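Please read the structure below before turning to the comments.
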Amino acid sequence: MIKLFKVKEKQRENAENAKKQTAAELRLHKDISELNLPKSCSITFPNGKDDLMNFEVLIRPDEGYYVGGKFLFSFQVSPHYPHEAPKVKCKTKIYHPNIDLEGNVCLNILREDWKPVLNINTIIYGLYHLFTEPNYEDPLNHDAAAVLRDNPVLFGTNVKRAMSGGFVGHTSFSRCT
Amino acid sequence: MADSATSRSRDLDKLLLRPGNLVGPSFEPGPELRDDLRDYARVLVVGAGGLGCELLKDLALSGFKNLDVIDMDRIEVTNLNRQFLFRLEDVGKPKAEVAAKRVMERVNGVNIVPHFCRIEDKELDFYNDFNIIVLGLDSIEARSYINAVACSFLEYNVDDTPREETIKPMVDGGTEGFKGHARVILPGITPCFECTIWLFPPQVKFPLCTLAETPRTAAHCIEYAHLIKWDEVHSGKAFDPDDPEHMQWVYKEAVKRAELFGIPGVTYSLTQGVVKNIIPAIASTNAIISAACALETLKIASGCSKTLSNYLTYNGVEGLHIKATEFVRNKDCLVCGPGVLIELDTAVTLRKFIDMLEEHPRLLLSKASVTHRGKNLYMQAPPVLEEMTRSNLSLPLFDLMGKVSRDVVHVAGLSSMDNKKASSMRKLRVAFKGVPDGVTDMDMAGGA
Ligand SMILES: [Zn+2]
């Protein structure tokens, strides 16, 4: 190709300051443009319409222990999406067996069971499912899991107390209703 | 000095001075080729780690004179066993700068420009200045990024053949322990990195609840410290895998965790390995893969032999196995594929354009969302984005695309090809009629 190298390449007008789009951004564009969320979930883009790689999802469960609460999740999509799952954190401090007090979420499709055929819609439904059916078998908040297993009525009381901004044990929560 | 120059090019001359049956299509043997390589070939080496050090040395000794190297890392003590251009007194200095200096000291007449920064920090024009990009990286993300950059220079003719002068060849090397690969990527001709993304197995991730409740291995303890304990202690501060203090902290916490559960095997290098997902590097593997990459670079530039088609794997785990596999391009690849050519009047609005996609025989795409160079021109969903982009519908696409004569847009929607409804994303080459091209010949903008 040395002959081509000798021909000084002409500058392309549209290459100036142009941004290339990575495969991750393109796939995410598709995912987002096809979102079909339940009424209880809404999505916002804090950095505007052109940064889809960072967004927030607000979940307002309409049934189960957490009905009446509002829970905010942040999504950070990796440049290697969809070969790597997005990083999801719960920004609202919550009393939940599968979400710890730092906002880490134990949801199989976010880690060990993630596959590139899954998408953002699947994850949001998965998160929603954590509110309708919290499970004590995959605990991140050990205490909450034990209470849910041994005394579901007390668990319900604790959830209500946490959501209204009270204490559960020594942990204080902020109001999120 | 003249003597040493002659002796240095002796082996190279065997490739460059004589004709053969297996040479590239435009190969013209002769001593001028040696000069041309020095004068006209500009090669960028991405990465100055184990593979990068070898690549710089090999390329410098293969007759290339104008080299650049880009790397954002500083030298660590643990690099010294295999990144042979670095000495103990270099620890803490930028890899790119030291590597460039050492090779220039040892190889007469070679000029290496170091760039101590992230690959994302450079403009597209920086990458366009090089004739060949050689990759010595250990991350899929970085490869994917450079691939997208190199493929963004590619342009197609009306008949969907690539325009030769816009092809930015890449040579990609990679090693993991005793295994490695070398591949030649000629965008538009051989598969690009995204065409064969499935070659990279997904990273193993442990369930968070296993880390929190029932750790069984040293890696579990390390990931606990990295993913859970870090946030608990450093509320809000992000973990930086390239900060040695952060790594040290994770290591110490992992040791505590391991002691608590009676688990052996947590070491600092394992901590680095698990957190950064690195498999220990072997110097000889780097040397072998680098040699293959440097040779392919020489073949692409000089035409002295046909290039590897197109993917070489090396396995030194048991014995020595080398195999070349010819992978095929994904014709519909969103990154390197030609896409569908669409010619438009400059007055066509975005709404009209979206309607046209539904009728287009090669697309039959309804409910399309449109994105151009990172700008979302129209989004069908979610409602918040639909609202933000709705006002674009009545504007001419030509204006929305910055009044260029032609460019690529991507559209996502519901395709009805072959009587099957499927959600899909397509690449389109939009060309506006009657707009002067300003570039080379007029085969896309004005032709057909
Ligand atoms: Zn491709």
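Worth a mention:
- For chain A, the relative contact order comes to 17 percent (Cα pairs under 8 Å, sequence separation of at least 6).
- Part-to-part distance (alpha-carbon centres) for the stretch B:211-226 and the stretch A:112-168, which is given in Å: 21
- Distance from the stretch B:395-412 to the stretch B:87-139 (C-alpha centre basis), Å: 36
- Annotation: amide H of residue B:349 within the under-5 Å range of B:397, sequence separation 5 or more or interchain, hydrogens built in the peptide plane.
- Where only DSSP H runs of four or more residues are counted, chain B gives -10000 deg cm²/dmol as its mean residue ellipticity at 222 nm, each run worth -39500 (n - 2.57).
- Amide proton proximity set for residue A:102, modelled H, under 5 Å, gap of 5+: none
- Of B:57/B:331; B:205/B:252; B:65/B:122, pairs whose Cα-Cα distance is over 31 Å: B:57/B:331
- Computed over protein heavy atoms with a 1.4 angstrom probe, the accessible surface ordering of A:96, B:360, B:321, largest first, is B:321, B:360, A:96.
- Backbone HN-Hα couplings from phi across the stretch B:167-178 [Karplus 6.51/-1.76/1.60, Hz, Gly and Pro as x]: 7, 10, x, 10, 10, 10, x, x, 9, 9, x, 8
- Shape of chain B, Cα gyration tensor, a/c cut at 1.5: oblate
- Distance from the C-alpha centroid of the stretch B:348-370 to that of the stretch B:147-185: 30 Å, rounded to the whole angstrom.
- Averaged over peptide B:147-160, the number of partner chain Cβ atoms lying within 10 Å of each residue's Cβ comes to 2.
- Taking chain A as a Gaussian network of alpha-carbon nodes connected by springs under 10 Å, the highest mean-square fluctuation of the residues A:71, A:167, A:55 belongs to A:167.
- Mean per-residue shielding of peptide B:203-215 is 6, counting Cβ atoms of other chains within 10 Å of each Cβ.
- Placed amide H near residue B:342: partners under 5 Å, 5+ positions off or other chain: B:429, B:430, B:431
- Per the Debye formula on identical point scatterers at the alpha carbon atoms of the protein assembly as shown, with no solvent, log10 I(q)/I(0) at q = 0.09, 0.11, 0.12 Å⁻¹ is -0.85, -1.18, -1.31.
- Counted as membrane-span-like here are DSSP H helices of chain B whose alpha-carbon atoms extend 27 Å or more along the helix's own axis and whose Kyte-Doolittle mean is -1.0 or above; these are B:283-302.
- Loop sites here are GluC sites (Glu not before Pro) outside DSSP states H, G, I, E and B with no more than 10 other Cβ atoms within 10 Å. The longest part of chain B free of them is B:1-317.
- Averaged over the residues of A:78-89, the number of partner chain Cβ atoms lying within 10 Å of the residue Cβ comes to 3.
The values are calculated or read from the model by the stated rules, or taken from the named source; none is laboratory data. Because the structure is a prediction, the values reported are computed rather than measured. All Cβ positions, even for glycine, are placed from backbone atoms using ideal geometry, and neighbour counts span all protein chains on display. For the accessible areas, the whole protein counts, side chains as well, though only heavy atoms, and no ligand, DNA or RNA atoms are used. Shrake-Rupley method; radii C 1.70, N 1.55, O 1.52, S 1.80 Å.
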